[in-house]
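Report on one structure; see the data block that follows.
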Amino acid sequence: MRAPISVVIPTLNAQTSLAGCAAALVEGVEAGLIRELIVSDGGSNDDTQQIALGIGAEWVSGEASRGGQLKRGCSAAQGVWLLVLHADTQLEAGWSNLAAAHLQRQDAGYFRLKFASAGLPARLVAGWANLRSKLFGVPYGDQGLLISRALYDEVGGFSDMPLMEDVAMARALKGRLRALDGVAVTSAEKYERAGWLRRGARNLWTLLRYFAGTPVDRLALHYRKP
């Protein structure tokens, strides 16, 4: 029997993080859970492709749009389950046992968020993210998504959009998302570069504007401003 999970990772110049993300997945390979690793790239001009091919990943490429990249990657996947991860996220040890247990369920799963940074700001932002996920059912992509192919297809899959594809998916899965008792450790680089308060406020404002109906292309232009 083939391993059930296809891992899909969207990348764009991820040479510094991709190998670490993949290394944390080894326990899933050893447990017989991971069938394949698909890297869906958006036009990297660094060593991302060489690293991906070096770790045995299938390479899929196209325009830079995280929703579109995920859509292409999931379309190429052959597993009956999909595990979607960001390249700068690493699952903590023991995740494979939790994933194996979740495969017996019908709903989708996500992990608790933790930043790869010490200090109070990192804990506060991660705490808010986990509370938001629990209360409102809106985990972000850096918390991972473990979903059956059947459920993924039922809700229409990822939309080809430059951002908020994770929120759109969470809304489509309303009532069918479950927090797994494991941790996804994600990079704090963007927060540390922009400032925890400024970055957090920008993320929240972007989310509120999205819920209010602001076009995603307009949100993307504002979100990418330095």
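Here are a few things to note about the model shown:
- Note on the chain: Cα convex hull, mean projected area over all directions, 11.6 nm².
- When you count the other C-beta atoms within 10 angstrom of each residue and take the mean per peptide, 3-11, 200-208, 36-44, 175-183 line up highest first as 3-11, 36-44, 175-183, 200-208.
- Percent accessible area from carbon and sulfur atoms, the chain, protein chains only, probe 1.4 Å: 53 percent
- Cα-Cα P(r), the stretch 94-226, percent of pairs per 5 Å interval: 2, 10, 19, 21, 21, 15, 8, 4, 0
- Comparing G156, G127, G67 in a Gaussian network model of the chain (Cα springs below 10 Å), the most mobile by mean-square fluctuation is G156.
- Using the 1.4 Å probe convention, the accessible area of the chain works out to 49 Å² per residue with neighbouring protein chains retained.
- Within the shell of other residues whose beta carbon sits under 10 angstrom from the beta carbon of R176, the net charge comes to +1, with Lys and Arg scored +1 and Asp and Glu -1.
- Each of D181 and D107 was given a label point 7 Å from its Cα along the Cα-to-Cβ line. The distance between the two points is 1.5 nm.
- Computed from the C-alpha gyration tensor, the three semi-axes of the ellipsoid equivalent to the stretch 2-43 are 21, 12, 4 Å, from longest to shortest.
- Choice from A93, A168, A184 showing the highest fluctuation, given a GNM over the chain with Cα pairs closer than 10 Å: A93
- I38 long-range amide H proximity, modeled H, under 5 Å: V7, V8, I9, E58
- Residue by residue, the stretch 152-161 carries 3J(HN,Hα) couplings of 4, 5, 4, 8, x, x, 6, 8, 7, 9 Hz when phi is fed to the Karplus relation 6.51 cos²θ - 1.76 cosθ + 1.60 (θ = phi - 60°); x denotes Gly or Pro.
- For M161, the residues 5 or more places off, or on other chains, whose built amide H falls under 5 Å of its own are G67, G68.
The values are calculated or read from the model by the stated rules, or taken from the named source; none is laboratory data. The model shown is predicted, which means the values in this text are computed figures rather than measured ones. All Cβ positions, glycine included, derive from the backbone under ideal geometry; neighbour counts span all protein chains shown. These area figures cover heavy atoms from the full protein model, side chains too; ligands, DNA and RNA do not enter into them. Shrake-Rupley method; radii C 1.70, N 1.55, O 1.52, S 1.80 Å.
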